[in-house]
Amino acid sequence: MSDENTPNQEYSGTDRRKNRGGAAPGGRERRQFRDSHSDGDSDVRELAEAIDNYKMANRRRFITYEEILNVVKSLGYHK
C-alpha cells in the first residue's frame with residue numbers, strides 16, 4: 001500500500017492548484033460571458049461586463065442570484 005505523503009515518490013500529473021487568478025493553463029482567462037456579450041445591445045453588454053468584473057474581483061467562477069442582484073443594483077437598476 002502506498003502513502004501519498006511519501007517524500008521519495010514523484011507526482012507526474014499537473015498540479016492545477018498552482019494556477020491561480022482565473023487564467024486557464026494557456027494563459028487565457030475563462031469567463032462565462034467574455035466571448036458572447038459583444039453581439040448584444042448596450043444594456044446586455046453592460047450587465048455582462050459588470051458580472052465578469054465582479055467574478056474576477058471576487059475570484060468566483062459562478063455567482064449566486066443574490067450576487068447578481070447586487071451587481072444589477074450597483075448599475076443603478078431598481079424595482
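Evaluated against (1) in a loop (DSSP other than H, G, I, E, B); (2) at pLDDT 90 or above; (3) surrounded by 10 or more Cβ atoms within 10 Å (Cβ to Cβ); (4) within 13 Å of the chain's Cα centre (by Cα), Phe62 falls short on exactly one condition, (3).
Tell me, please, whether a residue that is part of a helix (DSSP H, G or I), in contact with a Lys or Arg (Cβ under 9 Å, 6 or more places away or on another chain) and either modelled with pLDDT of 90 or more or farther than 30 Å from Thr14 by Cβ (or both) can be found in region 39-48. Yes, region 39-48 contains a residue that is part of a helix (DSSP H, G or I), in contact with a Lys or Arg (Cβ under 9 Å, 6 or more places away or on another chain) and either modelled with pLDDT of 90 or more or farther than 30 Å from Thr14 by Cβ (or both).
Reported count of residues in region 65-79, each being among the basic types (Lys, Arg) and outside any helix (DSSP H, G or I), is 1.
The values are calculated or read from the model by the stated rules, or taken from the named source; none is laboratory data. Fair warning: this is a prediction, and the values are worked out from it, not measured in the lab. FYI the Cβ positions are ideal-geometry reconstructions off the backbone, even for glycines, and counts take in every protein chain you see.
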